[in-house]
Every structure is written in C-alpha cells, then in structure tokens.
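Colleague: Okay, handing you the structure first.
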C-alpha cells in the first residue's frame, strides 16, 4: 500500500512518504478497535479524533486519515480511495511526509494515517 501511495504521489509531483512506526501503531490500534466494535469513523469510541491520535504519534501540524471497511486487499482499497475526492486529496497532499497503515482482517478494516 505504501509503494502504491508513493507511486501516485510521484505522479502528482509529491515527495514519497516514509513509513513511520508510531503512525503504524496508531493506525493499527484504530483499525483493530473499529473491527472489534464494528464501526467506521475518524473518531474512536472515547471521542479521540484522528488529528489527536496522529498528534500523539508526534505529528500535530499536518494530519490526514483514510478509512475503509469491507475490502480484503490493499489494491482494491487504493482503487476505491483514488475514486474518492477526499481520500485522493490525502494521498496526493505534498505536505505529508510520513505514513502508517493499519489493517484488521476481521471485517477488512483499513486505516491510512498521514503526518507532516
């Protein structure tokens, strides 16, 4: 997923995003929570927003999050996101420098967190 994201970013004239373990950790935690409680939202059940979660990973200035549910493969999720203006805007936002991806297979929950 990160390689495909970076290929798209290159076409858009953006630098590649680098994988970040802190972002991966918060993305994975959110994907797992959504799968466990069967919901899809940028806000978790405690009321913490994606901006706050990504901020806790050290990225408070520029943040973005893409979510998906019900897809088993990264290629399909990327195709869906690229057909959505908001998701595509996150992927092609040159202000983002780092990325973390989370996936919970039970229900196919995907989280793509960006920081800059």
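Colleague: Would you say residue 59 is touching a helix residue (DSSP H, G or I) at 6+ places or on another chain (Cβ under 6 Å), farther than 22 Å from residue 7 by Cβ and touching a residue at least 40 places away in the same chain (Cβ under 8 Å)?
Modeller: Against the criterion (touching a helix residue (DSSP H, G or I) at 6+ places or on another chain (Cβ under 6 Å), farther than 22 Å from residue 7 by Cβ and touching a residue at least 40 places away in the same chain (Cβ under 8 Å)), residue 59 does not qualify.
Colleague: Only one of these is surrounded by fewer than 20 Cβ atoms within 10 Å (Cβ to Cβ) and either touching a residue at least 60 places away in the same chain (Cβ under 8 Å) or on the phi > 0 side of the Ramachandran plot (or both): 49, 84, 25. Name it.
Modeller: On the way: 49 fails: either touching a residue at least 60 places away in the same chain (Cβ under 8 Å) or on the phi > 0 side of the Ramachandran plot (or both); 84 fails: either touching a residue at least 60 places away in the same chain (Cβ under 8 Å) or on the phi > 0 side of the Ramachandran plot (or both).
Exactly one of 49, 84, 25 is surrounded by fewer than 20 Cβ atoms within 10 Å (Cβ to Cβ) and either touching a residue at least 60 places away in the same chain (Cβ under 8 Å) or on the phi > 0 side of the Ramachandran plot (or both), namely 25.
Colleague: Let me spell it out: the conditions are (1) part of a loop (DSSP other than H, G, I, E, B); (2) over 17 Å from residue 113 (Cα atoms), and residue 61 meets all of them except one. Which number is the exception?
Modeller: Here residue 61 clears every test but (2).
Colleague: Is there a residue in the stretch 17-28 that is farther than 15 Å from residue 100 by Cβ and either modelled with pLDDT of 95 or more or in contact with a strand residue (DSSP E or B) (Cβ under 9 Å, 6 or more places away or on another chain) (or both)?
Modeller: Residues of the stretch 17-28 that are farther than 15 Å from residue 100 by Cβ, as a first pass: none.
Scanning the stretch 17-28 turns up no residue that is farther than 15 Å from residue 100 by Cβ and either modelled with pLDDT of 95 or more or in contact with a strand residue (DSSP E or B) (Cβ under 9 Å, 6 or more places away or on another chain) (or both).
Colleague: On to the next question. When you check residue 76 against the structure, is it over 20 Å from residue 44 (Cα atoms) and surrounded by fewer than 15 Cβ atoms within 10 Å (Cβ to Cβ), yes or no? Steps first, answer last, please.
Modeller: On the way: over 20 Å from residue 44 (Cα atoms): yes; surrounded by fewer than 15 Cβ atoms within 10 Å (Cβ to Cβ): yes.
In short, yes.
Colleague: Turning to a different aspect of this structure: Out of all the residues in the stretch 102-116, which are within 21 Å of residue 55 (Cα to Cα) and part of a loop (DSSP other than H, G, I, E, B)?
Modeller: Once the filter is applied, which keeps residues that are within 21 Å of residue 55 (Cα to Cα) and part of a loop (DSSP other than H, G, I, E, B), the stretch 102-116 yields only 116.
Colleague: Are any of the residues in the stretch 56-68 surrounded by fewer than 19 Cβ atoms within 10 Å (Cβ to Cβ) and touching a strand residue (DSSP E or B) at 6+ places or on another chain (Cβ under 6 Å)? Explain how you work it out, then say what you get.
Modeller: Quick first cut of the stretch 56-68, residues surrounded by fewer than 19 Cβ atoms within 10 Å (Cβ to Cβ) only: 56, 58, 60-62.
Now narrow it down to the ones that are touching a strand residue (DSSP E or B) at 6+ places or on another chain (Cβ under 6 Å): none.
No - not one qualifying residue is present in the stretch 56-68.
The values are calculated or read from the model by the stated rules, or taken from the named source; none is laboratory data. Bear in mind the structure is a predicted one, so any value in this text is a computation, not a measurement. Heads up, the Cβs are rebuilt from the backbone with ideal geometry, glycines too, and the neighbour counts pull from every protein chain shown.
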